[in-house]
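Here the structure is laid out as structure tokens; the discussion comes afterwards.
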Amino acid sequence: SNLYEFKIVRFKNNSGGFILNIHHFISDAWTLGLVSRNIMKYYESIINKTFEEADNIQETYVDYAENQSVYFNTPKFIKDKKM
């Protein structure tokens, strides 16, 4: 079977949304956050007529690891860790 399925839905009132079905073999919660954030960035660029290139808004696991490394050295991390 397919590992993912993506559908864009448009309603008569010009509203809409999307449906994303991803197999757990290729995704996790982090993946869903990245996908959702990137979809919204693309949508926002269309609405604002800036049409960002895909390369300008992609995130990689290396980006995530670097951001986590910075986060681990912040007061917010210490506070979050206590929770």
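The values are calculated or read from the model by the stated rules, or taken from the named source; none is laboratory data. The model shown is predicted, which means the values in this text are computed figures rather than measured ones. Glycine gets a Cβ as well: all are built from the backbone with ideal geometry, and neighbour counts include every protein chain shown. The area values use the complete protein model at the heavy-atom level, side chains included, leaving out ligands, DNA and RNA. Shrake-Rupley method; radii C 1.70, N 1.55, O 1.52, S 1.80 Å.
Values for this structure:
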| item | result |
| --- | --- |
| Check on E5, of a type in the set (D, E) and open to solvent by 90 Å² or more (accessible area, probe 1.4 Å) | no |
| Looking only at the stretch 8-23, and only at residues there that are in contact with a Gly (Cβ under 9 Å, 6 or more places away or on another chain) and at pLDDT 90 or above, the one that is least open to solvent (accessible area, probe 1.4 Å) | V9 |
